[in-house]
Amino acid sequence: MERLKEDEVKKIIDELKQTGKYKEYQEMLLDDFEEHHVVYKIEADELIAIAHKNNTIPYKLIEFYDWQQMNYLIEEEDGIE
């Protein structure tokens, strides 16, 4: 899965906002963070657009995870300094 151009992202996001699906994807991202500590390397809108274009959910876009930040969160939660 490749990253999208800025105009492609804008077009998809505008379409999602019109159909009301944008909020659904936002909630998925929030759930990914709260439940799984998944942090993404790219902005939320671009991630939402990529997920929608590829007919998947953000959590399955492993190549866009920020593993270092995820490890920091897990260590912080586990009390590891």
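The values are calculated or read from the model by the stated rules, or taken from the named source; none is laboratory data. Only a predicted model underlies this, so the values are computations on that prediction, with no experimental measurement involved. Heads up, the Cβs are rebuilt from the backbone with ideal geometry, glycines too, and the neighbour counts pull from every protein chain shown. Calculation scope for accessible area: heavy atoms of the full protein, side chains included, ligands and nucleic acids excluded. Shrake-Rupley method; radii C 1.70, N 1.55, O 1.52, S 1.80 Å.
Structural remarks
- For the chain, calculated [θ]222 nm from helices alone, where every DSSP H run of n ≥ 4 adds -39500 (n - 2.57): -20000 deg cm²/dmol
- Of all aspartates and glutamates in the structure, those lying under 17 Å Cα to Cα from residue 60, and not within fewer than 8 positions of it along the same chain, are 2, 24, 27, 31, 32, 34, 35, 43, 45, 46.
- Rounded to the nearest 20, the size of the Cβ-charge dipole of the chain about its Cα centre is 640 debye, with Lys and Arg at +1 and Asp and Glu at -1.
- Among 14, 32, 66, the sequence by solvent-accessible area, most first, with a 1.4 Å probe is 14, 66, 32.
- Between 63, 43, 15, the residue with the greatest mean-square fluctuation in the GNM of the chain (Cα pairs under 10 Å linked by springs) is 43.
- Candidates 65, 13, 29 compared by Cα position along the dipole of the stretch 6-78: farthest toward the positive end lies 13, with charges placed on Cβ.
- Mean separation of Cα contacts under 8 Å, 6 or more apart, over the residue count of the stretch 6-78: relative contact order %: 34
- Estimated FRET transfer efficiency (residue 71, residue 8; beta-carbon r; R0 30 Å; 0.05): 0.45
- 53, 21, ranked by accessible area, largest first (probe 1.4 Å): 53, 21
- Convex hull per residue volume in Å³, alpha carbons only, for the chain: 79
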